[in-house]
Structures are given as structure tokens and as C-alpha cells.
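Structure record follows, encoded as C-alpha cells.
The values are calculated or read from the model by the stated rules, or taken from the named source; none is laboratory data. Owing to the predicted nature of the structure, the values given are computational and were not obtained by experimental measurement. Positions of Cβ are backbone-derived with ideal geometry, glycine not excepted, and every protein chain shown enters the neighbour counts.
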Amino acid sequence: MSDRKVRVRFAPSPTGPLHIGGVKTALYSYLFAKKHNGDFILRIEDTDQTRLVEGAEEYINKSLSWCGLEPDESPAKGGPHEPYKQSERNKTGRYKVFADQLIASGHAYYAFDTSEELEAMRERLKAEGGDSYQYDSKSRMSMKNSLTLDEAEVNQKIEAGDNYVIRIKMPIDEMINFTDMVRGDISVNSSTLDDKVLMKSDGMPTYHLANVADDHDMEISHVIRGEEWLPSAPMHVMLYKYLGWEDTKPQFAHIPLILKPSGQGKLSKRDGDKLGFSVFPMEWKDPESGNISTGYKEDGYLPSAFLNMLAMLGWNSGTEQEIFSLDELIETFSFDKVQKGGAKYDPEKAVWFNQEHIKNLGDNALATLLSEQFPDLGVETGTLMMICKMMKERVKFVPEIYTKGKYFFENPQEFDEKNRRKKWKEATPEHIEALVNKYYDLDEFVPDILQNLFEEYCESHEVGFGALMAPLRLAITGQGGGPPIFDIMSIIGKENSIARMRFAIEKFSKEESA
Ligand code: GLU
């Protein structure tokens, strides 16, 4: 790598909620920047004012923040290249300067065609049976632009306030070559490309001009973005050339898209509702319809698991390792292990990543997360940490520590009926009562002692451990499975344990005789 400072930008358009594909682009950009001690920059590309969606920019900020992908420079944070929002940058007149420069050097031109005229051109080209219907080096000479009109007419139109756009003038039959960090060497013949609009009639630049101008002005060293932008890259390469910026042109990396689980096509924003999993990092309420789409945050994913899952959708470390923390990803990530083809989203694998990350999370961190979600659990942090330690192997999502382990916090409200029928025998009340009496006298209500007494009792009364453990567990937890029962009893304490055992004797005996 050259000694140029690595500066990577994530440049979303606030046209709706950020999709997980967008988060993946942000992640790869972040990983690459951090790996090379570089900067990660957030730039908001809002030049298409007709597509702006209320709340989308805030959503981008919040989502990156939840994931822990904090930009070094952004609209909110500021930085040496302010402003970081293109609509604001446009006010400085900077894009217009570049458009004018391109016109002056003969690499761009004014075009006055109305939408009807553009439509007529497409119809005509279709009727002629050609294979492209675009505004390009072949068709432009039959259109209304500064290449075909004389200068006086052009000036008069501009002065009269006629609508016009500025288009790039693509050269004829020139090879455009560049290297993509994922796809290798790419060559495209300029004649296949259209004369893209650079400045729109509303005075706003298009994505193409603004993107290149800003990447130059913000000293971006690497452009990392979704594969869908690959067709635009050759045209951007031409803009760098025509604006005299070839020496500082960024390197490109076009990363693979996330595909539907079937592998049939790109995972779209609408797929979440259809396929039953979230496609957004956080919950999103559509400002127009009021519809709510679920997000990974609210689904109970840890940000570290979410990022790990996204990282692996198109990249691998080249080893068997699949579980990575964000720091490990930074250390291991590189573009030579990024695949070219799309990566199938696997909903089950996503859950697996979360499970694994929960297992790896410290009891303290897990307890903090749990108490954030359930502030009224009413147990001390130390106890909560013990509960988390016991439960973390058994849950897929953090809230399940509470929902599956409710018995840690309250007396069971429901008892597994099937289990009761199978395991609660006629002699059970007598045995449980005997255990109550033994446990009642204990000063130290700790797992080892509870277990020893239990085993002693079973042996002396010739009762199988399992045969008595199951109804004991049912009395304490209402369930048929879970962490070691004596650990649970020790956590809930003597008073609660005995009360539950007595309650079960009473409840089940009554039901038996009813
Ligand atoms: N604004 C573009 C988008 O929405 C950015 C593409 C790029 O990174 O160049 O995806």
C-alpha cells in the first residue's frame, strides 16, 4: 500500500432506512479504515431531493452508533472537510465550479432536451432496432445540446432561463481501465457508456459528479461500495481524468451483494416482511404509511453478533474461524478474501452467530444488557451475573434469559402439565415433604450441600435421583429442563425454594384428588 493516509467514506443516501446491505458496506469500510489506521467518514448524499425520506438520516446515525461503527468525521461530528452533507456542500458552489471546468475543457456539454424529446429519442432508437437507447456518443448529435446548437443559441437559452442539464461527453472508442480490489483489472470501452447527467436542471449535482468531487475534496483514498455501483465506476474514472485528479484517484472495491436465502436475487428492503426476518439494523417506522419494520436491535441481537454475521456475508478469514469480535475483524479483514459473487443470507446462521456471541459475552456485560431491557428484575447485580452465567448457554437472544428463566425472579405461574403427569407420582409429595424438612434446617443454602442431602435421601429411601429430581425441578421452576436445579435453588434462596416445594405439594395433591 502507498503511504497515503487511508480515508474511507460511507456515503448513504437518506432515501429510506439503511438496509443490512448498507450496514455491510459501512462495516467493510470501517474495517479497512481501522486496519490501516485510517479514518472512517460518513457523508450524506442527499442530492436527490425528491427521494428524501423524513427520519432517514437520523436512522443512519443511530444505526451506526448501535453497531459501534462510529465515524471519525460526519455531519453530526464535523471534521476538517465540512460540510459532510451534499445539499450543504452544493451551496458553496463547488460542484458548479467542476461542471463549468468540464464544459470549458470540452468534456461536458449543456443539454436542453425536454423529457418528451428524450422519450421520442428512445422510441426512435428502438424503432431503428439498435441495441441501446441511451443518450450517448451515437445519439447525442441528433439531440438539442451545446454540441449541436450554435453558441449564440446556447447562450440565449441559458440567459432566458431555459431548463438544461450538464452531461459528460464520453469519448468514442476509448478503453477505460482500472483495478478493483475485489474484481481485479476492469476494462470498458467508452462507447458503451452513456453521457450521464452531471448537473440537474434544479441546480443540484447528480450522484456521479458530487460523489467524485467530494471523494477528491475529502481526500478519500479508497471507495468501498456495493457491487451495484460497479457500472458507474468507469465513468467516475473518466471524471477523475478530466478533472486532472488521476494521481489522487481513490482505489475501488465493489463488494458483493447480500442475496435472498434462496440465492435468487438481491435481498431487498421488502424481503424482511415477506421472508420473516429483519432486513434493517433497527426498527423503522415508515413516516408515510406508519408501518413498522422490525430490526436486529429489537429482535435481541448483540451488535457484535450482527456485525460478525454481516462480515461473513462475502468475506472469510481463510481459516475455520467464524466467530470474531469487532477488534478481531479489524485485525483479520482484507479484500483478497472478499468473494466476487453475492452471499446468501442464512436466517438460521444469523441466530447461531448471536448465540455464540452471547456465550462469549462476560456475565457482567450480559447482566447490564438484561437489566437495561428489564429494569425491574429486583435482584442484585451479583445474582444477576450468576443467572446470566447459567443461562447464557441456553438462549439465542438476551431477553430469553428472563423469559426462559422467569423462575429466577418470581414463583412459577404455570407448570408444565405433560411433565407433571409423567413425573409427579403418588409417592412424590411424601419425598418432597421430607426434603423440605431436611432443607429447612440448613444454615448454608448452597448447591453442594443441597445436592448431598438430596442424594443421601434418595439412596436411603431407594428412590432414583432422576425420579425425584424431575418433580423437584417442576416444583421450583414449573419446567422440565434448565440449569442445575441446586444452583437455581441456591440463587432463589431457602425461603422461596421451600415455599415453592410446599406450594407444589399442595397444588398437585389437590388436583389429584379433584
Ligand atoms: N449514495 C450512494 C448510495 O446510496 C453511494 C454510493 C457510493 O458509495 O459511491 O449508495
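Below are the figures for this structure:
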read-out: Scope the stretch 287-301; condition part of a loop (DSSP other than H, G, I, E, B) and either among the polar types (S, T, N, Q) or crowded, with 23+ Cβ neighbours inside 10 Å (or both); matching residues; value: S289, N291, T294, Y301
read-out: The stretch 222-274, residues that are farther than 23 Å from L198 by Cα, within 12 Å of the ligand (Cβ to nearest atom) and polar (S, T, N, Q); value: none
read-out: Candidate set: the stretch 1-36, residues that are among the charged types (D, E, K, R) and at pLDDT below 95; chosen: the one farthest from the ligand (Cβ to nearest atom); value: D3
read-out: All helices (runs of 4 or more DSSP H) inside the stretch 75-158 with 3 or more residues being surrounded by fewer than 18 Cβ atoms within 10 Å (Cβ to Cβ); value: 94-104, 115-127
read-out: Qualifying residue in the stretch 85-99 (condition: β-branched (V, I, T) and either away from the ligand (no atom under 16 Å from the Cβ) or at pLDDT below 95 (or both)); value: yes
read-out: Among (1) of a type in the set (A, V, I, L, M, F, W, C); (2) within 16 Å of the ligand (Cβ to nearest atom); (3) touching a strand residue (DSSP E or B) at 6+ places or on another chain (Cβ under 8 Å) - the single one A210 does not satisfy; value: (3)
read-out: Meets criteria (touching an Asp or Glu at 6+ places or on another chain (Cβ under 9 Å) and within 10 Å of the ligand (Cβ to nearest atom)) for D39; value: no
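One line per residue, one yes/no per condition, for (1) under 16 Å from G244 (Cα atoms); (2) among the hydroxyl-bearing types (S, T, Y); (3) in contact with a Ser or Thr (Cβ under 9 Å, 6 or more places away or on another chain):
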position: I186; (1), (2), (3): no, no, yes
position: S201; (1), (2), (3): no, yes, no
position: Y207; (1), (2), (3): no, yes, yes
position: V212; (1), (2), (3): yes, no, no
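Listed here are the residues, each with its yes/no results for (1) out of contact with any helix residue (DSSP H, G or I) (no Cβ under 7 Å at 6 or more places or on another chain); (2) among the aliphatic types (A, V, I, L, M); (3) modelled with pLDDT of 95 or more.
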{"site": "K285", "(1), (2), (3)": "yes, no, yes"}
{"site": "G295", "(1), (2), (3)": "yes, no, yes"}
{"site": "L302", "(1), (2), (3)": "no, yes, yes"}
{"site": "N316", "(1), (2), (3)": "no, no, yes"}
{"site": "Q321", "(1), (2), (3)": "yes, no, yes"}
{"site": "S325", "(1), (2), (3)": "no, no, yes"}
{"site": "T332", "(1), (2), (3)": "yes, no, yes"}
{"site": "K337", "(1), (2), (3)": "yes, no, yes"}
